[in-house]
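Taken together, the values in this text are just the output of simple stated rules run on the coordinates, not laboratory data. Note that the structure is a prediction, hence the values are computed from the model and not measured. Here the Cβ positions follow ideal geometry from the backbone for every residue, glycine too, while neighbour counts run over all protein chains shown.
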4 protein chains.
Amino acid sequence: MNLNKNKEAKFDIIALGRACIDLNAVEYNRPMEETMTFSKYVGGSPANIAIGVSKLGLKAGFIGKIPEDQHGNFIKSYMENLGIDTSGMVRDTEGRKVGLAFTEIKSPDECSILMYRENVADLYLEPSEISASYIKQAKLLLISGTALAQSPSREAAIKAVQLARENGVFVAFELDYRPYTWHSEEETAVYYSLVAEQADIVIGTRDEYDMMEGKKGDNEQTVESLFKHHASLVVIKHGSEGSNAYTKNGQIYQAGIYKTKVLKTFGAGDSYASAFLYALFQEKDIETALKYGSASASIVVSKHSSSDAMPQASEIEALIGAK
Amino acid sequence: MNLNKNKEAKFDIIALGRACIDLNAVEYNRPMEETMTFSKYVGGSPANIAIGVSKLGLKAGFIGKIPEDQHGNFIKSYMENLGIDTSGMVRDTEGRKVGLAFTEIKSPDECSILMYRENVADLYLEPSEISASYIKQAKLLLISGTALAQSPSREAAIKAVQLARENGVFVAFELDYRPYTWHSEEETAVYYSLVAEQADIVIGTRDEYDMMEGKKGDNEQTVESLFKHHASLVVIKHGSEGSNAYTKNGQIYQAGIYKTKVLKTFGAGDSYASAFLYALFQEKDIETALKYGSASASIVVSKHSSSDAMPQASEIEALIGAK
Amino acid sequence: MNLNKNKEAKFDIIALGRACIDLNAVEYNRPMEETMTFSKYVGGSPANIAIGVSKLGLKAGFIGKIPEDQHGNFIKSYMENLGIDTSGMVRDTEGRKVGLAFTEIKSPDECSILMYRENVADLYLEPSEISASYIKQAKLLLISGTALAQSPSREAAIKAVQLARENGVFVAFELDYRPYTWHSEEETAVYYSLVAEQADIVIGTRDEYDMMEGKKGDNEQTVESLFKHHASLVVIKHGSEGSNAYTKNGQIYQAGIYKTKVLKTFGAGDSYASAFLYALFQEKDIETALKYGSASASIVVSKHSSSDAMPQASEIEALIGAK
Amino acid sequence: MNLNKNKEAKFDIIALGRACIDLNAVEYNRPMEETMTFSKYVGGSPANIAIGVSKLGLKAGFIGKIPEDQHGNFIKSYMENLGIDTSGMVRDTEGRKVGLAFTEIKSPDECSILMYRENVADLYLEPSEISASYIKQAKLLLISGTALAQSPSREAAIKAVQLARENGVFVAFELDYRPYTWHSEEETAVYYSLVAEQADIVIGTRDEYDMMEGKKGDNEQTVESLFKHHASLVVIKHGSEGSNAYTKNGQIYQAGIYKTKVLKTFGAGDSYASAFLYALFQEKDIETALKYGSASASIVVSKHSSSDAMPQASEIEALIGAK
């Protein structure tokens, strides 16, 4: 799988899904009840990944729906300042808001999020707002699982995958399971299967694959089942145990984690995906790409935000080299 | 494609989707405003097809959700009296109702339907109510397009297709496009494509394929695109112009229609599908199967109902032979 | 209380609320599962009352929302043919339907109704569709309790009452409690109290007053509480035990029922209210008005429909006289 | 009107309605896009009024619904720390959130609020959660108009007013019009009229009374119309022009405003109502009560928050005395 095979493509990655606002506790190591001030950051898995790969030097675009309000304006200009193309970003005209995530950081082990996801703009992206001509300009389309959680965003995401497949654009699927927007686990399993079967690259935690399969699975069954369909590279993450990558031709790769002083656990998955995909675009081997993912995650969990904290390539390489 | 390859299967066909009540004008050739009495019949495309194939001698089962009320009871016992297995029929416990279709028959050319489809029970079939062990007992699973129109019935139908595919059960997809339950044409296109790509047999009118493709298509493009995926037999109907069948190996078949004294146009599609599938199960050639479909449609449009009027095999064969 | 005090008024009664379709079992004395044919009638309490008083010779108007479909057309023309003014009838433009009531008549004691009330047009009457100039033309505004069951019909009904009060139009409130459209009993109690306190005439069964008061009440407490507010005439019905009327000045009247061969119990309340109000407009004394109500109810329960069966004054008077 | 007539009452004021979170710009005099930090305060008109009167020394209770989350906990403990009784506060068990108000302070003249009010807990207070025995313990029940904007909070508020009236508890109605939760202006007019007619004290801006009356009104018509019903004291506020109070016996009082260095305009109405009601409980004359209201508003608009900034009586009196 050579992600750079389409040399004419304007974008390395177009990410599709939610862009939100994180409100991170300024005073931490305490329950949120005692946090009196919050800092504002861009958040949301696919937005974070677009930010992450842009900071690493890839050319990224973003497809999503944001409101016509101050939070929407902030997200758009923040992403544009990083060089992300926002021409696929649609403004909601129905008064819907961006999702909010208030973070509570009691200790490195006890983090939680208070979500505002009621009728948020991102879930109202319409299939009619997905443009074939835009998707054709990418080498890879990244779909985040939460975009599948509700109609019409669900149909917009599936249509984007259909258009990518028809036009020879690679599809990466980050499972990104967030229970609060789904109706039932069966529903999640149906759509996760549908999109995973059509993706070239699938990335998720073991728990997320279990959700997709509707049972406690094992890694070998998971990859065997996916390789019957379109997938050719599957990454399964095991938290502090590290992660594995499997390829259709039967190779298995493994990586550990980089120890750090953890402030909070948010943002680990998005930084992992950003750096892993970046390394693939740099045509590193898969084992090295796993290290990039792990190192990037390690850097982000030691810092206050998920998006602002996305590292430069040099920081990642320093950490890998230092090991 | 030998539909009988699984000789152990308990059912020839399991149909999935809506079972409704038709309220047909007793006094016709007038606007419905002047119709003062209505006759009650079982209706709904997949229910009609299950009834049609049962009357022709196939062994059928039905998966769908019906209310715990008098109309639900009537549907269940009507289908059981014809020998249809209803063990996959689920009772709604939330007070939802069956859909209703009041027919208006002004003249053979001017028929219309007044639909009651608000929050109907059939669209609330849950994916958790779909059983792999039941689907495995069929040779063929028939999905009607309307089951895809809303969640959670949509996920139930997709899950049934996934289970059929995993278990070697053939899938037939009757497009059965009814605009009133869909949110947008783009949404229809997304789900029609998804299921058509996974079906072995696809049956629809030219207009329905246009809906799936989001453009005025031509037959050759349609079949070329479907044959890239799983489909191996595609039927395209052209109303009074007859119908065509296309096979993956490049054969094209054609059939005309059987002239009759038309009372109303309702029920033509369901009777067509029933008799076409019956003929395939009888291992008739495809050209003959198209004739069975056309003859059965011709018989039903000359009668008052869609379900009660489903013909015996001998009636169909008499009409074909008489030509 | 002289209902005819405004001699200039164009209408005796304007009724506000739902107009529906009754589908009455043609074959009865059996469960609905075995009823294969249904007859179509106009139904819905305030529509029935408008029909009842029109047939008795009063001048009536109707305010309500009906769909732009065949059932809506039928209702409108049926009422117009009886001389009811429909200029206050609004057409729904959102594709909503009229409510349906399938009647099941197992025996005179075992009648039930299968209701279709999901998103029905009548509950979408908007307060902006209520016209002060229309309401001013009535001597009496009749509100049926079901109009209060959901927004925006609820606000339309309350606004109509406010306009009637400001313009010296009498208000009659028929409690007409139908549990299926209400969210909770507390909600019913809140709105029943609000409107009963502003009405001049309140008519209901003992059970309905209990619903309004949120407890098993007694008649004296009920009328004492209502007479603290605007009401001056309260009718409490006790089914086969007859009915009572109470006036603010302390009078109590009582009437029995007229024995008949009961076919079904539907329509008894609407015919009672029609004839009782008619008698008041005829300036009969209250005791006589109660007899009119009872006699009319007795006639309707012996017949097949609720609206078509509404009697002429001569039929009522014959029955009263015969006693 | 002697607010202290019930000397046994446990609470001076019970306020009913929303308690929310204000997120106030830490960096101000700029558009919100450039504000990167927000401070958290309790907000919502009736919560602010309960806080305001408590800080002035009255005994207050609060009826409302808050979530079982960190923001809900913060609101509850903040109010309890000020001595407010929260035994009438109900916890939402359906995962609903508190409303949020992000403030944008561009300049003293250009303030705006970005509201999160989608499916907020406060609008789900149920009438069954309103207790007669609790309301009986108050001298005065304060209803904020926003509680009337949606069911079931609407019915809960109306039921509370009914119970207050039945039990001799005074009712104050603060119109508090916020367009974002209402369906239509006609709907607002219906419920504002209903509650204003049952209140003893009505407080609002001229614009809010116009909303209630559905037209540009004048003060004299407004009070004449209200005094036909239950009201005996009506306050009409005119922004920088000051405010007027009208009594049923025909007196008119007037007050100006106290000049200050305005930071933002939020919170002016709540602080006004708190101090005005406090002065009435102190049995000040109405003219003095208006001064208390104006002085308190002046203090709050010069400070960063709406709730935390509520003044002590001594601050108000110093400002009045200084004039």
Note on the stretch D:231-293: alpha-carbon gyration tensor, axes a ≥ b ≥ c; rule is a/c under 1.5 for rounded, else prolate if a/b larger than b/c, else oblate; result prolate
Using Cα-Cα distances under 8 Å and only pairs 6 or more residues apart, what relative contact order does the stretch B:64-181 have, in percent? 22
Looking at chain A as a GNM with Cα springs under 10 Å, which of A:Gly88, A:Gly214, A:Gly44 has the largest mean-square fluctuation? A:Gly214
Between A:Glu166 and B:Lys7, the FRET efficiency computed from the C-beta separation at R0 = 41 Å comes out, to the nearest 0.05, as 0.60
Multiply the residue separation of B:Arg91 and B:Gln282 by 0.36 nm, subtract the distance between their alpha-carbon atoms, and state the gained length in nm to one decimal. 65.4 nm
Count the DSSP beta bridges whose two residues both fall in chain D, then state the antiparallel fraction as a percent rounded to the nearest 5. 40
Among the residues of chain B, which one places its Cβ closest to the rotation axis that maps chain B onto chain C, and what is that distance in whole Å? B:Glu118, 2
Given an 8 Å cut-off on Cα distances and at least 6 residues of separation, report the relative contact order of the stretch A:1-45 as a percent. 37
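Based on the inverse mean of 1/r over its pairs of different Cα atoms, what is the Kirkwood hydrodynamic radius of the stretch A:4-144, in Å? Intermediate results must be reported in sequence, preceding the final value.
Details: mean 1/r = 0.0628 Å⁻¹.
Evaluated on the stretch A:4-144, it is 15.9 Å.
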Amide H of B:Leu142: which non-local residues (sequence gap of 5 or more, or other chain) have their own amide H closer than 5 Å, using H built in the peptide plane? B:Ile14, B:Ala15, B:Leu16, B:Ala172
Between copies, how close do the B:Ser131 label points come, placed 7 Å along Cα→Cβ, listed in nm from shortest? 4.9, 5.1, 6.0
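So if I place +1 on the C-beta of Lys and Arg and -1 on the C-beta of Asp and Glu, and nothing else carries charge, what would the dipole magnitude of chain D be about its Cα centre? I want it in debye, nearest 20.
740
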Here FRET efficiency (C-beta to C-beta, D:Gln254 to A:Asp207, R₀ 60 Å, nearest 0.05) is 0.35
State the Kirkwood hydrodynamic radius of the protein assembly as shown in Å, one decimal place, computed from all pairs of distinct Cα atoms. 34.6
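So if I place +1 on the C-beta of Lys and Arg and -1 on the C-beta of Asp and Glu, and nothing else carries charge, what would the dipole magnitude of the stretch A:126-211 be about its Cα centre? I want it in debye, nearest 20.
Details: 7 positive and 14 negative charges, 83 e Å.
Around 400 debye, computed over the stretch A:126-211.
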Of all DSSP beta bridges with both partners in the protein assembly as shown, the antiparallel percent, nearest 5, is 45
Lysine pairs in the stretch D:1-133 8 or more apart or on different chains: how many have alpha carbons under 28 angstrom apart? 24
Could you give the nm distance between label points at D:Glu220 and A:Ala313, where each point is 7 Å from its Cα heading toward the beta carbon? 8.1
With the label 7 angstrom out along Cα to Cβ, how close does A:Lys248 come to the same site in each of the other copies, in nm, nearest first? 1.8, 8.4, 8.6
Pairwise label distance in nanometres, C:Ser131 with A:Thr37, each label 7 Å out on the Cα-Cβ vector: 6.2
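Using mean Cβ contacts within 10 Å as the protection proxy, how do C:47-59, D:166-178 order, highest first? Can you show the working numbers first?
Numbers: C:47-59: 25.9, D:166-178: 21.2.
Result, highest mean first: C:47-59, D:166-178.
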Enter the mean number of other protein chain beta carbons within 10 Å of the beta carbon of each residue in B:33-41, as an integer. 5
How many Lys pairs in the stretch A:203-266 lie less than 30 angstrom apart by Cα atoms, where the lysines are 8 or more positions apart or on different chains? 15
For chain B, just the Cα atoms, rotate onto the principal axes and tell me the three extents in Å, largest first. 53, 47, 39
For chain D, set up a GNM with springs between Cα atoms under 10 Å and report which of D:Asp122, D:Asp22, D:Asp270 has the largest fluctuation. D:Asp22
Using a 10 angstrom cutoff on alpha carbons, build the Gaussian network for chain D and name the most mobile of D:Pro108, D:Pro311, D:Pro46. D:Pro108
For peptide B:184-191, what's the mean number of Cβ atoms from other chains within 10 Å of each residue's Cβ? 6
Put a point 7 Å out from Cα along the line to Cβ at B:Lys5; what are the distances to that point in the other copies, in nm, shortest first? 2.9, 8.7, 8.9
Between the stretch D:272-311 and the stretch A:15-66, how many Å separate their Cα centres? 41
With Cβ to Cβ distances under 11 Å as the rule, what net charge do the other residues near C:Tyr253 carry (K, R +1; D, E -1)? -1
